[in-house]
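Following: one structure in C-alpha cells, then a few remarks.
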Amino acid sequence: MVEAIAQSLFEFVIAPFDRYMTAAPGTVRAFGVHRPAAGAPGFDGETRMTGTTRSSSGLDPRRRRLLYRLWHRGTREMDLIMGRFADAAIGELTDAEIGELEQLAQVPDPELYAWLTGGRPVPANHDVAMFRRLRDFHDNVHHLRPTQ
C-alpha cells in the first residue's frame with residue numbers, strides 16, 4: 001500500500017515537476033549558472049552555481065562584511081554582479097570607495113539592476129565614480145546592456 005502511494009506521488013507530483021524544471025537541450029543559462037552536458041570538459045556529474053573565488057582572509061572586518069553582503073544580496077543576479085565585482089576589486093579600494101560601494105549596497109536589487117543594465121536612468125546622487133566603475137566592470141564582463 002505504501003509503495004503504491006509513493007509511486008502515485010512520484011507519477012503525479014514529482015515527475016511532472018522534474019520535466020518542467022529540466023532545461024531543453026542546448027539552452028544557455030545566464031550569469032554562469034548551467035548544467036554542462038555529460039562528457040563536457042569539467043563535468044563532474046553535479047550542477048554548480050558560480051560563487052566567490054576570493055578568500056576573505058587578509059581583509060579588514062569592514063571589507064569582509066561588505067564582501068559577504070555583496071555575495072548575499074537576495075537575488076542571484078545581483079549576487080553575481082556585485083559579488084564578482086567585489087572579488088575583483090575589494091582588496092584595492094580606498095576607504096572612500098568602500099563607503100561609496102556600501103551606499104550602492106543599500107539600493108534595492110531591482111533598482112540597481114535596472115541602472116546597471118540601462119533599463120532606467122541613474123539618479124544623480126547614485127551616479128558616482130564607484131557606480132560607473134561597477135557598471136563598466138559589468139559591461140566588460142557580461143555585455144548585458146543594450147548598445148545605444
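The values are calculated or read from the model by the stated rules, or taken from the named source; none is laboratory data. Given the structure is predicted, the values throughout are model-derived calculations rather than measurements. Don't worry about glycine lacking a Cβ; one is built from the backbone with ideal geometry, like all the others, and counts go over all protein chains shown.
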Is one or more of the residues making up the range 95-103 touching a His at 6+ places or on another chain (Cβ under 9 Å) and modelled with pLDDT of 75 or more? yes
Looking only at the range 128-146, and only at residues there that are over 12 Å from Leu101 (Cβ atoms) and surrounded by 13 or more Cβ atoms within 10 Å (Cβ to Cβ), the one that is modelled with the highest pLDDT: Arg135
Would you be able to say whether some residue in the range 28-51 is modelled with pLDDT of 50 or more, surrounded by 10 or more Cβ atoms within 10 Å (Cβ to Cβ) and in a loop (DSSP other than H, G, I, E, B)? yes
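Quick one: which residue in Ala124, Ala114 is of a type in the set (A, V, I, L, M, F, W, C), assigned to a loop (DSSP other than H, G, I, E, B) and without any contact (Cβ under 8 Å) to a residue 12 or more places away in the chain? Before you say what the answer is, go through the steps one by one.
On the way: Ala114 fails: assigned to a loop (DSSP other than H, G, I, E, B).
Criteria check complete, one pass: Ala124.
Filter the range 68-94 down to residues that are of a type in the set (Asp, Glu), over 13 Å from Ser56 (Cβ atoms) and either under 13 Å from the mean Cα position of the chain (by Cα) or at pLDDT below 90 (or both), then give me how many there are.
Kept after step one, since they are of a type in the set (Asp, Glu), are these residues of the range 68-94: 77, 79, 87, 92.
Add one more test, that the residue is over 13 Å from Ser56 (Cβ atoms), and what stays is 77, 79, 92.
Then keep just the ones that are either under 13 Å from the mean Cα position of the chain (by Cα) or at pLDDT below 90 (or both); that gives 77, 79.
Matching residues across the range 68-94 total 2.
Which members of the range 53-98 meet the condition of being among the small types (Gly, Ala, Ser) and either surrounded by fewer than 15 Cβ atoms within 10 Å (Cβ to Cβ) or assigned to a loop (DSSP other than H, G, I, E, B) (or both)? Write out each step before concluding.
Taking the range 53-98 and keeping what is among the small types (Gly, Ala, Ser), we get 55-58, 74, 83, 86, 88-89, 91, 96.
Scanning the range 53-98 gives Ser55, Ser56, Ser57, Gly58, Gly74, Ala88, Gly91, Ala96.
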